[in-house]
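The values are calculated or read from the model by the stated rules, or taken from the named source; none is laboratory data. Everything numeric in this text was worked out from a predicted model, so none of it was measured. Cβ placement follows ideal geometry from the backbone for every residue including glycine, while neighbour counts extend to all protein chains displayed.
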Amino acid sequence: MNPDNYLYLSAILFSLGALGVLIRRNAIVVFMCIELMLNAANLAFVTFSRMHGKLDGQIIAFFTMVVAAAEVVVGLAIIITVFRTRRSASVDDANLLKY
Amino acid sequence: MSAPALAVIAAPVTSTGGGETFLFWVGAIVSVLGALGLIFSKKAVHSALFLCSVMICLALFYMAQGAIFLGVVQIVVYTGAIMMLFLFVLMLIGVDAAESLTENIRGQRWAAVLVAVLFGAVLLGVFAHAQLGPFAGTDAANAAAGGNVQSLAHLLFAKYYWAFEVSSAVLITSALGAMVLTHRERTTERKSQRELAGERFKRYEKDPSTIVTPLPSPGVYAQHNSVDTPALLPDGMPSELSVNATLRSRGEPRDIRPLPVPLPREAAGARAPGDAAADDDSDAHLEVEA
């Protein structure tokens with residue numbers, strides 16, 4: 001097997017994550033799809049790190065994880081706050097700024 | 001490690017070994033199916049479990065590619081901590097919050113599928129046409145400082161020192177942000193137990209059916225002792241009051257079948273004849289007289 005296949009897999013997973021972000025309405029599931037996209041990017045980083053024989057790609061994957069953790073914490077806090085005021089976790093219901 | 005062995009390991013990789021090939025194909029199928037399950041499962045908890053399976057597959061890929069530490073961190077941080085946070089929030093805001101299926105923008109779903117397919121095709125095309133060199137492999141880089149963790153530490157605390165410091169600021173800011181966002185200010189003073197009791201007796205003045213004593217606790221039996229189990233009154237009837245009002249409104253409380261209580265006659269018969277005389281039952285008196 002050619003190690004390039006890891007890159008193809010990461011492209012497929014990233015597209016699936018993007019598809020989920022576009023079609024799901026539940027804010028938490030949308031968040032999970034974003035996590036899937038970040039993970040797919042991490043897989044590409046690790047594969048490129050192996051291609052170049054350097055560990056910098058793995059370090060970048062670590063920083064992606066740090067940023068993902070911070071993003072999840074704040075994002076879930078925002079979802080909880082929206083749920084408290086609007087009684088809904090649907091991304092369609094948060095439309096106060098529209099009018 | 002001797003120099004020739006290192007040279008063999010550090011040779012460019014154009015094809016992986018049989019074990020890694022097998023791992024890749026199994027993991028690729030599982031992770032793509034997991035990603036599809038994440039998108040298309042109706043319940044958010046199922047989505048979370050599918051995402052967990054994808055993340056574990058990715059951790060195996062990292063380990064197979066020489067990123068041992070990253071693979072472990074992936075399992076500990078992502079599957080362990082972040083997914084737990086997701087499940088925690090899911091439980092907090094209600095797992096059965098139904099998702100609306102009406103489309104606010106007509107044809108948005110099919111447009112989304114089209115966009116995702118095209119985007120994936122573009123990404124795959126770019127990777128297929130790129131001049132990807134032979135894979136150098138991470139073994140030499142890992143062995144440079146005595147191991148994967150040591151080599152990563154040399155990079156992280158020297159070359160990427162500043163980014164490492166900044167990431168700590170990011171984490172502290174996000175922790176503070178979560179606390180500020182979820183904090184709720186009390187608008188009214190919390191009522192003390194004394195005030196609550198006073199209010200209850202004031203209600204009792206107007207409506208004598210108000211219960212002023214503490215409510216009976218749920219039943220504790222050998223078979224079950226959950227809070228939806230009603231306690232039994234002295235006459236064997238289940239007490240409605242002993243079950244929480246929310247549980248009562250949601251459905252009938254758990255059915256209680258009391259153990260068969262022996263009838264007075266059987267109880268008297270089982271005892272010694274001398275004891276039966278103490279019974280004030282008329283039958284027992286008859287027996288003694290006879």
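Numbers for the structure displayed
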quantity: Filter result for residue A:88 (surrounded by fewer than 24 Cβ atoms within 10 Å (Cβ to Cβ), facing another protein chain (nearest Cβ under 8 Å) and outside any helix (DSSP H, G or I)); calculated: yes
quantity: Residue satisfying condition, being within 25 Å of residue B:178 (Cα to Cα) and at the interface with another protein chain (Cβ under 7 Å from one of its Cβ atoms), within set A:1, A:65, A:51; calculated: A:65
quantity: Odd one out for residue B:20 among (1) assigned to a loop (DSSP other than H, G, I, E, B); (2) under 23 Å from residue A:45 (Cβ atoms); calculated: (1)
quantity: Filter result for the condition that a residue is of a type in the set (Val, Ile, Thr), at pLDDT below 90, closer than 24 Å to residue B:73 by Cα and touching a helix residue (DSSP H, G or I) at 6+ places or on another chain (Cβ under 6 Å), over B:138, B:182; calculated: B:138
quantity: Qualifying residue in segment B:170-177 (condition: over 30 Å from residue A:85 (Cβ atoms), within 36 Å of the chain's Cα centre (by Cα) and at the interface with chain A (Cβ under 7 Å from one of its Cβ atoms)); calculated: no
quantity: So residue B:165, is it more than 8 Å from chain A (Cβ to nearest Cβ), under 20 Å from residue B:70 (Cα atoms) and of a type in the set (D, E, K, R); calculated: yes
quantity: Neighbours by Cβ (under 6 Å, 6+ apart or cross-chain): first from segment B:135-161, more than 9 Å from chain A (Cβ to nearest Cβ); second modelled with pLDDT of 90 or more and assigned to a helix (DSSP H, G or I); calculated: B:145/B:151; B:145/B:154; B:149/B:69
quantity: Selection within segment B:136-157 - assigned to a helix (DSSP H, G or I) and under 12 Å from residue A:56 (Cβ atoms); calculated: B:141, B:151, B:152, B:154, B:155, B:156
quantity: Filter result for residue A:46 (closer than 25 Å to residue B:37 by Cα, more than 7 Å from chain B (Cβ to nearest Cβ) and at pLDDT 90 or above); calculated: no
quantity: Odd one out for residue A:37, checked against (1) more than 7 Å from chain B (Cβ to nearest Cβ); (2) touching a Ser or Thr at 6+ places or on another chain (Cβ under 6 Å); calculated: (2)
quantity: Residue among B:83, B:63 that is part of a helix (DSSP H, G or I), modelled with pLDDT of 90 or more, more than 7 Å from chain A (Cβ to nearest Cβ) and farther than 26 Å from residue A:76 by Cβ; calculated: B:63
quantity: Residues being touching a Leu at 6+ places or on another chain (Cβ under 9 Å) and modelled with pLDDT under 90 - total across segment B:98-123; calculated: 2
quantity: Only one of A:28, A:60, A:12, A:79 that is assigned to a helix (DSSP H, G or I), at the interface with chain B (Cβ under 7 Å from one of its Cβ atoms), farther than 17 Å from residue B:44 by Cβ and of a type in the set (A, V, I, L, M, F, W, C); calculated: A:12
quantity: Qualifying residue in segment B:206-223 (condition: charged (D, E, K, R), part of a helix (DSSP H, G or I) and surrounded by 11 or more Cβ atoms within 10 Å (Cβ to Cβ)); calculated: no
